[in-house]
Amino acid sequence: MTQRKLPKLEPETAAYWTSGADGALRIQRCADCGTYQHPPFPHCSTCHGESVSPEVVSGKGHLASFTINYEPWLPGLPVPFVFGVVELAEQVQLYVFTNVLAEIDAVRVGMPLTVQFEQHGDVWLPMFREDAA
Amino acid sequence: MTLLPEKLTCITGAAQSEVGRPSKRTALQLTADACLAAIADAGLSPGDIDGIATYPGKSSEGGGIAPVSPSEAAAVLGIEPRWILASAEGFSHMAPIFNAVTAIACGLARHVVVFRSVAQAQARAVSRASTLMSGARERVDGNNAWTVPYGALSPINTFALYAQAYFAKYGATEAQLGAIAVNSRANAAHNANAIYRKPLTLDDYLASRVISSPLRLFDCDSHIDGSTAIVLSHRDAAKDLRNPPLHIEAMGMAVGGLWVGRHEGDFTSLPAAHRAGRMLWERTDLAPPDMDCAQIYDGFSIHVWMWMEALGLVPPGEACRFVEGGTRIALDGELPLNTGGGQLSAGRFHGYGHIHEATVQLWGRGSERQVRDAKTCVISNGGYGYGAMILRRD
Ligand SMILES: [Zn+2]
C-alpha cells in the first residue's frame, strides 16, 4: 500500500508506533499487577496504578478475526488486502490491529502469526505474517 | 422498584423530514421540517416546547454527520428553551433522549423536542472521501489511529471482523446474514419515505459485490440527508395531547469496547451492548417474549444479530438461525423486525429512523406495514455506544 495514512505520534501511543526501530514489538504493561493493555493508557485500567511502560513481547499470536477489503476507499489504495486483529500470545484478548501479509485465500481465523515491521519515516507499522515455526 | 425517570416520561409526537440522496433542502431546513411536524403531531405549538436536545451537536468534520446544533434549531423554531443539550458522547444516539427523560423527570422541562439530522449525502456530493474515518488531517489520531493506517478507512472493516468471527464461531452463513437485508427491503416497499424500495431477493444479495468480507454492499446502510424529531413530555402533560402517550417502559445504556478502542470479548458479540440490554430488562416487568416488534440498529446487517443477542431476544449464537429464511422476522412473524426498512433500506437516519418507526407501529400508522395489535416495541441504537429502549402503549 502506497497511500497509507500514518498514525500521529501521541504521548501515549508513540512507543507503540516506534517500537519496531530495533525490531521488537512492545506492549504497555503494568509493573504492579502485570497486566498488558492496548491501546496504551496513562494508568493501568486494571489496578489503577501508574507504573505502566512499554515492554518487549514475543511478537507472536494468532489471527482472532480478519476481513478481506475490496473497496479502494482512496485513490491509490491497492486492493484487495487483509485487515485483521491479532490476539497476542502474552495475554487472553490482548488485541492489535494489522494487515496480514499473506495470500488472501490462505488466511483463516486462528492462523499463527508473527510480527514484522514496515517503516514509514518515524513510524514502524507492526504487520503480521504466518508463523511457520 | 423506585420510581424511574422514564416512567414519568412519554413520547407524544414524532415526525421525519423528507429523505434525500441528496436533498435540495439544507440540514437546517430539514431539521425545522421534522421538529415542526413532530410538535404539531403532538398537538403542541413551538411555544410549548421548553427543552431541545440532539446528538451529536454541530461539527464541520465527519462529512455531514453533525450538521445542526440545538441552539440553531431553537432559533429557527422560535423557541426559548430552559434546557438544552448536545450529546456527542455516551450511550449512542439515544443519549439525548435519555438525558431529556431525566430533565423532564427533574422538572427542568415539560415538553422536549429531540432531533437527529444528517446531511451526509450532501457532504459526499462534494467529496466522496468526506465520510471516511481518516479526516482531513495529514495524520490520523485518536481511536482511528489503530485501524486507519491499515487501510481500514470505513467502519465496515471493523464490523467485518465481528461478522467473520461470528461466522467462524457459530457456523453462520452468508444466506443467513442476507435475510436481514432482504427483510428490510421487503418492509421498505411499504414505507414511502424509504430510500430503497425496489424488491431485493436473496439471490440479488448473494450476487452483490463484497465490500469487506463477509460483508457485501447490501449489508451496509446508506448515507442520506434527513431529520427525525421526537417530542417527549412529562406524563402529566401528555394526557390531553393529540396522540395516546407512548410510555418509555425502560431504557438501557452502556459504553465500552469499541467506543474507547479497547475491544472486549472474542469479536463475536458487543459486550457493552449486552450491558445495555441487562440494564433495560432490569427496569421493567416485561420480558423479551412480550415484544410485539423490534427496531434494531443496522448500521451494518451484522449489528442486528449482535443486538438481538445483546437484548436477549435470542440466545448467543442463535440470531443467525432465527432470521434464516425471514419467516420469523417478517411483518406477520413472531418478531417483526425493522418494519420500516431499517437503515439498510430506509436510510441512515442514524438510529432515529428506528425510534420513529416504533412510534409508527404503536400509533397504528403503519398502513400496509402495520404489525397487528402492536403495543410494545424494543428499540436499539448504536454500533460504538449502546442505547436501548422499550416503548409501550396502553
Ligand atoms: Zn495494574
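The values are calculated or read from the model by the stated rules, or taken from the named source; none is laboratory data. Source: prediction; values computed, not measured. Positions of Cβ are generated from backbone atoms using ideal geometry, with glycine treated the same way; all protein chains shown enter the neighbour counts. Surface areas here come from the heavy atoms of the whole protein model, side chains and all, with no ligands, DNA or RNA. Shrake-Rupley method; radii C 1.70, N 1.55, O 1.52, S 1.80 Å.
Just one of the numbered conditions (1) at the interface with chain B (Cβ under 9 Å from one of its Cβ atoms); (2) away from the ligand (no atom under 16 Å from the Cβ); (3) within 19 Å of the chain's Cα centre (by Cα) is not true of A:Val86: (1). Cβ-Cβ contacts under 6 Å between residues 6 or more apart (or on different chains), taken from a first residue in region B:224-238 that is farther than 18 Å from B:Ala194 by Cα to a second residue that is in a loop (DSSP other than H, G, I, E, B), are listed as B:His234/B:Arg110; B:Ala237/B:Arg110; B:Ala238/B:Pro245. Checking each residue in region B:110-152 for being within 7 Å of chain A (Cβ to nearest Cβ), part of a loop (DSSP other than H, G, I, E, B) and more than 20 Å from B:Gly347 (Cβ to Cβ) picks out B:Ser134, B:Arg139, B:Asp141, B:Thr147, B:Gly151, B:Ala152. In summary, A:Lys5 fulfils each of the numbered conditions (1) away from the ligand (no atom under 16 Å from the Cβ); (2) in contact with a helix residue (DSSP H, G or I) (Cβ under 9 Å, 6 or more places away or on another chain); (3) more than 8 Å from chain B (Cβ to nearest Cβ) with the single exception of condition (3). Looking across region B:36-56, the residues that are more than 20 Å from B:Ala66 (Cα to Cα) and surrounded by fewer than 20 Cβ atoms within 10 Å (Cβ to Cβ) come down to B:Ala37, B:Ala40, B:Gly43, B:Ser45, B:Pro46, B:Gly47, B:Asp48, B:Asp50.
The lone criterion from (1) in a strand (DSSP E or B); (2) at positive phi left unmet by B:Gly107 is number (1). Against the test of being out of contact with any strand residue (DSSP E or B) (no Cβ under 8 Å at 6 or more places or on another chain), more than 8 Å from every other protein chain (Cβ to nearest Cβ) and among the hydrophobic types (A, V, I, L, M, F, W, C), the options A:Ala21, A:Ala14 yield a single qualifying residue, A:Ala14.
Restricting to region A:110-122, what's the tally of residues that are part of a strand (DSSP E or B) and either at the interface with chain B (Cβ under 8 Å from one of its Cβ atoms) or not β-branched (Val, Ile, Thr) (or both)? So the count comes out to 7.
Among the residues of region B:213-271 satisfying the criterion of being within 14 Å of chain A (Cβ to nearest Cβ) and of a type in the set (A, V, I, L, M), which is surrounded by the most Cβ atoms within 10 Å (Cβ to Cβ)? Restricting to residues being within 14 Å of chain A (Cβ to nearest Cβ) and of a type in the set (A, V, I, L, M), the top hit is B:Leu270. Scanning region A:38-81 for residues that are open to solvent by less than 40 Å² (accessible area, probe 1.4 Å), more than 9 Å from chain B (Cβ to nearest Cβ) and away from the ligand (no atom under 16 Å from the Cβ) gives A:Val57, A:Gly59, A:Gly61, A:Leu63. Listed by position, the helices (runs of 4 or more DSSP H) inside region B:172-249 whose residues that are among the hydrophobic types (A, V, I, L, M, F, W, C) number at least 3 are B:174-188, B:202-207. Among the numbered criteria (1) closer than 30 Å to B:Ala123 by Cβ; (2) open to solvent by less than 40 Å² (accessible area, probe 1.4 Å), which single criterion is violated by B:Arg348? Among (1) closer than 30 Å to B:Ala123 by Cβ; (2) open to solvent by less than 40 Å² (accessible area, probe 1.4 Å), B:Arg348 violates only (2). Would you confirm, using the coordinates I've provided, whether A:Leu101 is over 24 Å from B:Gly257 (Cβ atoms) and within 11 Å of chain B (Cβ to nearest Cβ)? Spelling it out, it is not the case that A:Leu101 is over 24 Å from B:Gly257 (Cβ atoms) and within 11 Å of chain B (Cβ to nearest Cβ). Of all residue pairs spaced 6 or more apart or on separate chains, those with beta-carbon atoms under 9 Å, a first member in region B:273-286 that is of a type in the set (Phe, Trp, Tyr) and a second member that is crowded, with 19+ Cβ neighbours inside 10 Å are B:Trp281/B:Ala250; B:Trp281/B:Gly252; B:Trp281/B:Leu311; B:Trp281/B:Ile390.
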